[in-house]
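First the structure, in the form of C-alpha cells, and then the observations on it.
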Amino acid sequence: MNDESQNKMGSPTPEELRRQVERTRDELGQTVEALAGKADVKTQAKEKSAAARKQAAEKTAELKEQAAEKTAAAKERAAEKATAVKEQAAEKSAELKEQAAEKTAAVKEQAAAATVQIRARTAQAAQAVKDRTPDPVQEKSAQAAMQVRESAARAGQFAVDRTPDPLLEKADRVAKAARANRTPLLAGGAVLVAFLLIRRGRGRSK
C-alpha cells in the first residue's frame with residue numbers, strides 16, 4: 001500500500017485538517033461571541049438596574065424637597081393668617097374699648113349736667129319757698145329745725161352710748177356718705193318743712 005491509499009483508507013489529508021481547524025475556529029468564535037453577548041446582557045441589566053435605582057433615589061429626593069417646600073409654604077401662610085387674625089382682633093378690641101370709653105364719658109357728662117340742673121332747681125325751689133314764706137313762718141321753721149337737730153343730737157348720743165363699736169364704724173361710714181350728699185338733702189328737707197308750715201298756717205287762718 002502506498003501513501004495515497006492510506007490517505008483514502010483513514011488518515012485525513014492536510015486540506016481536511018485545515019478545514020477542520022477553520023471549522024473549529026469558527027465554532028469557538030461563535031461560542032466566545034455567545035458568551036460575550038450573555039456577559040454583555042448581564043452588564044446591561046446591572047447598568048439598567050443601577051440607573052433605575054439612581055433615578056428612583058433622585059425622584060425620591062426631589063419629591064421630599066417639594067414636600068418640604070410645600071410644608072414650609074403652608075406653615076408660612078398659616079403664620080401670616082394667624083398674625084392677621086390677631087391684628088384684626090386687637091384692632092377690634094381697641095375699637096370696642098374706645099367706644100365704651102366714649103359712651104362712659106358721655107354718660108358721666110349727662111349725669112353731671114343732670115346733677116347741676118337738679119341742684120339749681122332745688123335751690124330755686126328753696127328760694128321761691130323762702131320768698132313766699134312770711135317771716136314768722138320762717139322763724140318757726142328755723143326753731144323747728146333747731147329743735148329737730150337738738151332732738152337728733154340727743155337721740156344720736158343715746159344711740160352711740162348703747163351701740164357696739166362695729167356698728168358705730170358702719171354708722172360712721174353711712175354718715176360720711178350722707179354728708180357727701182348733704183346739700184340736696186338739706187334743700188329738700190327745708191322745702192318740705194316750709195311747705196308743711198305754710199299749710200299749717202293757712203289751716204289756722206281759715
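What is the local net charge at residue 103, summed over the other residues whose Cβ is closer than 14 Å to its Cβ (Lys, Arg +1; Asp, Glu -1)?
-2
Once the Cα-Cα distance is subtracted from the 0.36 nm per residue extended length, the residue 44 to residue 128 segment shows a gain of 17.9 nm.
Converting the Cα gyration tensor eigenvalues of the range 42-128 into ellipsoid dimensions via √(5λ) gives semi-axes, longest first, of 83, 4, 4 Å. As a calculated quantity, the FRET efficiency between residue 169 and residue 81 at R0 = 41 Å, using C-beta atoms, amounts to about 0.10.
Computed extension length for residue 28-residue 92: 13.6 nm, one decimal, from 0.36 nm per residue of separation with the Cα-Cα distance subtracted.
Computed from the coordinates by the stated procedures, all read-outs in this text should not be read as laboratory data. As the structure is a prediction and not an experimental result, all values here were calculated from the model. When we count neighbours, we look across all protein chains shown, and the Cβ atoms used for this are built from the backbone with ideal geometry, even at glycine.
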